[in-house]
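The values are calculated or read from the model by the stated rules, or taken from the named source; none is laboratory data. The structure displayed is predicted, hence computed values, not measured ones. FYI the Cβ positions are ideal-geometry reconstructions off the backbone, even for glycines, and counts take in every protein chain you see.
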Amino acid sequence: MDVFVPSPSIDFGSERLYFFERHMQSAVHIIVKGLVQGVGFRYFVYRKAVSYGLKGFVRNLVNGDVEIVAEGDRSLVEELIKDTKVGPRAAHVLDLKLEWQKPTDSYRDFGMG
């Protein structure tokens with residue numbers, strides 16, 4: 001998908017520039033810590049990510065954390081992050097480690113491992 005990125009030399013005004021920044025393709029790597037395994041957390045993230053049209057994956061880690069990689073429209077990735085901070089009712093999220101990355105476009109859809 002081609003995304004228009006305005007040239008820094010063109011003055012679009014702050015409102016239009018904000019629109020372009022919010023709708024650029026982005027990627028994030030997230031490690032979720034807390035009571036996030038055995039409580040439907042992966043399925044919760046999967047459903048949200050698919051509903052936002054994001055690509056990537058969610059999976060359990062052996063240390064009890066959950067790992068998420070999500071790519072797509074920046075504003076929708078940010079919505080997923082907000083949802084992840086809360087999680088499903090039975091989960092208790094203690095911390096999120098976020099690392100913004102360049103999108104790789106290597107995912108066809110959103111998977112659950």
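Computed values, structure above
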item	result
Within the stretch 58-74, tally of residues that are over 14 Å from residue 105 (Cβ atoms) and out of contact with any Ser or Thr (no Cβ under 8 Å at 6 or more places or on another chain)	10
Residues of the stretch 96-113 that turn out to be in a loop (DSSP other than H, G, I, E, B) and not hydroxyl-bearing (Ser, Thr, Tyr), as a count	6
Scope the stretch 42-68; condition of a type in the set (A, V, I, L, M, F, W, C) and assigned to a strand (DSSP E or B); matching residues	57, 58, 66, 68
Criterion (charged (D, E, K, R), part of a helix (DSSP H, G or I) and touching a helix residue (DSSP H, G or I) at 6+ places or on another chain (Cβ under 9 Å)) met by exactly one of 78, 71	78
Residue pairs meeting the criteria (Cβ under 8 Å; at least 6 apart or on separate chains; first more than 17 Å from residue 73 (Cβ to Cβ), in the stretch 16-43; second at pLDDT 95 or above and of a type in the set (Phe, Trp, Tyr))	32/41
